[in-house]
Amino acid sequence: MASTRSLLAGLTALGLSVTMTACAPASSASESDAGYETVIAAVVRAESDAGGRAFEVEIEDGSADIRVAVDDRAVDVDVDLAGPLVTGRQDARPLDRDDRTALDAATTPLADAVRIAAATHGRGIGISEVDLEREEDIAAWRVEFTDGEEVAIAVTDGAVVRPVG
């Protein structure tokens, strides 16, 4: 019986600490220094909210403007990075044919490209932008960091097309 009470007390304390951690205020880092984990969480939230695949991210003033492909249209989803919480959503425009073609070929999602680019960059610098581009005739995710460096990741296999530079 005593071990059951100890276990219950331990689980209660653990639950309390998890709750307190989840409610803690966002870190005091500059909003322009959105780490890759924060960007990935925002992308996952936007994709879930819009029901599609993210293909463009712009970080500014503590929020992310994430463009998500849903069928043949692009949806802009605004995400507060502190949450991440969706703060707005609107249809942006019909999906560009080049973007649709690159997304159809993409087996590497944007979130994985961010993870690969951050590992390649390796300096813990924040991310400012992610978008699709053609790099040496290859469709690639271009991940721009707040220090101005860029890494390009092939959409088809996640290979680093252009390392830091």
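What follows is calculated from the coordinates using simple rules that are stated; it is not laboratory data. What you see is a predicted model; the values in this text were computed from it and never measured. Please note: Cβ atoms are built from the backbone with ideal geometry, for glycine as well, and neighbour counts cover all protein chains shown.
Below is a table of values for the structure above.
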quantity	calculated
Ordering of 77-85, 150-158 by burial proxy (mean other Cβ atoms within 10 Å per residue, highest first)	150-158, 77-85
Residue-by-residue Karplus 3J(HN,Hα) for the stretch 44-56, coefficients 6.51, -1.76, 1.60, Hz, glycine and proline x	4, 4, 5, 4, 5, 5, 8, x, x, 10, 5, 9, 7
Virtual spin-label span in nm between Glu37 and Arg89, 7 Å along Cα→Cβ	2.6 nm
The stretch 29-124: C-alpha gyration tensor shape, a/c 1.5 cut-off, then a/b vs b/c	oblate
Long-range HN-HN contacts of Thr146 with modeled amide H, under 5 Å	Gly126, Ile127, Ser128
Cα-based shape type of the stretch 75-137, given that a ≥ b ≥ c are square roots of the gyration tensor eigenvalues and the cut on a/c is 1.5	oblate
